[in-house]
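Colleague: Let me begin by handing over the structure; questions about it come next.
The values are calculated or read from the model by the stated rules, or taken from the named source; none is laboratory data. Note that the coordinates shown come from a computational prediction; the quantities given were computed from them, not determined experimentally. Here the Cβ positions follow ideal geometry from the backbone for every residue, glycine too, while neighbour counts run over all protein chains shown. Note: areas computed on protein heavy atoms with side chains; ligands, DNA, RNA excluded. Shrake-Rupley method; radii C 1.70, N 1.55, O 1.52, S 1.80 Å.
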Amino acid sequence: MLEVATRPVVDQSAFKLSMRHLAGAVSVITVGEREDRTGFTATSVSSLSADQPSVIVSLNRGSSSWPVVERYRRFCVNVLAANQQHVAQAFAGFDGRRGNERYRDAQWYSLSTGTSALKDALTVLDCELETVLNHHSHAILIGRVCAIETREDVEPLLYWRGSYRRLSGEAAIRP
């Protein structure tokens, strides 16, 4: 019988602190339609393939967005511009908003899939859910990109070391 070496468990808070050292673009992932829409803020978005344009998004299955993703099987990645921090905070639930209330105070339009896109986002990726990989508490969503819109004249909103930032390195207001 093969023996597997037991490794010490890494402390969750140390891991979270370590991950804050990864600078990331801030995205709002929108799901659902009309009154049955919600979404979440994510820095865990990555391209997967250009051959068949696709992206990866990580989502906690305990999130209120998870059943809506399962129901509609499509989502939109809205990569935020530097002046859209208020949208990131609303979708992260910092002010207590849930569901459709998160869409208040920003301008939205419908994509071909029916999902909402943020007006003036840096990039919008309209996606159909192809695959879900479950890993511990999270689902890794693999989305086939159906449509893309981009803006070239703005800076991205970044998240690094627990603060929203701009490319210039200036710290914005902490959430």
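Colleague: Check whether at least one residue in the stretch 53-70 is at negative phi, of a type outside the set (Ser, Thr, Tyr) and in contact with an Asp or Glu (Cβ under 8 Å, 6 or more places away or on another chain), and report yes or no.
Modeller: Within the stretch 53-70, one or more residues are at negative phi, of a type outside the set (Ser, Thr, Tyr) and in contact with an Asp or Glu (Cβ under 8 Å, 6 or more places away or on another chain).
Colleague: Pick out the one residue from VAL69, VAL77, VAL57, VAL87 that is hydrophobic (A, V, I, L, M, F, W, C), closer than 19 Å to CYS146 by Cα and assigned to a helix (DSSP H, G or I).
Modeller: VAL69
Colleague: Could you please find all residues in the stretch 121-154 being open to solvent by less than 80 Å² (accessible area, probe 1.4 Å) and more than 23 Å from LEU48 (Cβ to Cβ)?
Modeller: VAL154
Colleague: Step by step: first the residues of the stretch 50-69, then only those that are free of Cβ contacts under 8 Å to residues at least 40 places away in the same chain and open to solvent by 40 Å² or more (accessible area, probe 1.4 Å), then the one that is nearest to SER168 (Cα to Cα). Which residue is that?
Modeller: ALA50
Colleague: Hey, another quick one. Is it the case, given these coordinates, that SER13 is small (Gly, Ala, Ser), free of Cβ contacts under 8 Å to residues at least 12 places away in the same chain, surrounded by 11 or more Cβ atoms within 10 Å (Cβ to Cβ) and outside any loop (DSSP other than H, G, I, E, B)?
Modeller: Against the criterion (small (Gly, Ala, Ser), free of Cβ contacts under 8 Å to residues at least 12 places away in the same chain, surrounded by 11 or more Cβ atoms within 10 Å (Cβ to Cβ) and outside any loop (DSSP other than H, G, I, E, B)), SER13 does not qualify.
Colleague: Across the stretch 102-120, what is the number of residues that are open to solvent by 30 Å² or more (accessible area, probe 1.4 Å), out of contact with any helix residue (DSSP H, G or I) (no Cβ under 9 Å at 6 or more places or on another chain) and in a loop (DSSP other than H, G, I, E, B)?
Modeller: Going through the stretch 102-120 one residue at a time, the tally reaches 4.
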